[in-house]
Each structure stands twice: as C-alpha cells, then as structure tokens.
1. Compute the accessible area per residue over region 1-91, keeping the other protein chains in place, probe 1.4 Å, unit Å².
2. In a solvent-free Debye calculation with one equal scatterer on each Cα, what is log10 I(q)/I(0) for region 6-50 at q = 0.28 Å⁻¹, listed in the order of the q values?
3. Sort 60-72, 41-53 by the packing proxy (mean of other Cβ within 10 Å over each peptide's residues), most packed first.
4. Within the set of other residues whose C-beta is less than 15 Å from the C-beta of ARG63, count the net charge using Lys and Arg as +1 and Asp and Glu as -1.
5. Pop a pseudo-label 7 angstrom from the Cα along the beta-carbon direction at both LYS18 and ASP82 and give the gap in nm to one decimal.
6. Please list, in chain and number order, the residues 5+ apart from LEU100 or on another chain whose amide H is under 5 Å from its amide H, with Hs placed from the backbone.
7. More than 13 Å apart: what percent of Cα pairs in region 46-97 qualify?
8. Considering only protein heavy atoms and a probe of 1.4 Å, how much of the accessible area of region 8-54 is carbon and sulfur, as a whole percent?
Amino acid sequence: MRHGKKINHLGRKTAHRKSMLANMACSLIEHKRINTTVAKAKALKVFVEPLVTKSKVDTTHNRRLVFSKLRQKEAVAELFRDVAPKVGDRPGGYTRVIKLGNRLGDNADMALIELVDYNETYNLSKTEKKKSTRRAGRKKSTDATPNAPKAEGKTEEKSSENKEDKKEE
C-alpha cells in the first residue's frame, strides 16, 4: 500500500532531494532540455511546472517564491524574462518527458525532459495548419435545385403512362 506517498523520494533525504531538483530545474531553464532518468524527470516535472506558472505574473512576491525554490538568481531572471513570455498563453503542460531507452552502465530508464515551446521540430507542424476537408464534401445547392423538378416531372410522366397502360389492359 502507498499510504502517504505523494512524492517520489528518489532514494535521498529531503535536503538532498530538494537541492538536486533545484539544480536540475536551473539546468532545464538554462539549457531548455536535459537528459536524466525517468523517475527524476517525472519528479522534476512536478517541481518545475508550478514555478513556470508563477513566472507568468511578474511580481516581486512571485520572484521571491520562485527564488526560494531555485536558489539561483540567473535562473530566476531567465525564467521570468525569456520563458514566461513564450508560455504565457499556455494553460499548463510546460514540459515534455520523452523516454530514450536504457543507460549502458546500469540499465536505468533514461528520459529527455524539455520545455515544450522551445522544441522547433514539434512546433513547425503546428504552424503549418492544413485546412480540414470532409470526405463526402458538400453538395452544391445550385446544381441540386434545377435538376430536382425536372427529375420529378419525368418520374410523374412515366408513372402516369404506366397507370394508363394498366388501365387499358
């Protein structure tokens, strides 16, 4: 059972875990993507996304809250100056975790964690938006209306001829 286990402790004591996550978050903000293990990447995602949300509103209070977690002035400045304007319209989900396979030395699951808006390969496909079309297409109303009365008139003539033929027999 996992009673009271809300966070992954990563096999470290509290102070070591907080320092490691702060350093990894600063590296992520500086380099926009880092390679790490899957467990650390998932823990870092939970750690850094609230900080990015706080950076959207540039106030002294928010800067102090973020600085208390990151502990590096340069990382806080870059987060508020560069990252926040780029993710300002996004409602959440600022990071992406991509699994890479296993590490050669100890066979640990490796992952790449990156800031979503800084990946050019994924963002190019979104900018070139193709117009969506339906398979059936639309029927043109101009073609259907003139043909409809003619077709009905012909069917009425045929049906009246058939009725007359039946009466004669």
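The values are calculated or read from the model by the stated rules, or taken from the named source; none is laboratory data. Only a predicted model underlies this, so the values are computations on that prediction, with no experimental measurement involved. In this analysis, Cβ positions are derived from the backbone assuming ideal geometry, glycine residues included, and neighbour counts consider all displayed protein chains. Only protein heavy atoms, including side chains, enter the accessible area calculation; ligands, DNA and RNA are left aside. Shrake-Rupley method; radii C 1.70, N 1.55, O 1.52, S 1.80 Å.
1. Normalised by residue count, the accessible surface of region 1-91 is 65 Å².
2. Each listed q corresponds, in turn, to -1.14.
3. The densest-packed peptide leads the list: 41-53, 60-72.
4. Computed value for this residue: +3.
5. That separation, rounded to one decimal, is 2.8 nm.
6. Here MET110, ALA111, LEU112 satisfy the definition.
7. In whole percent, the long-distance tail amounts to 52.
8. 55 percent
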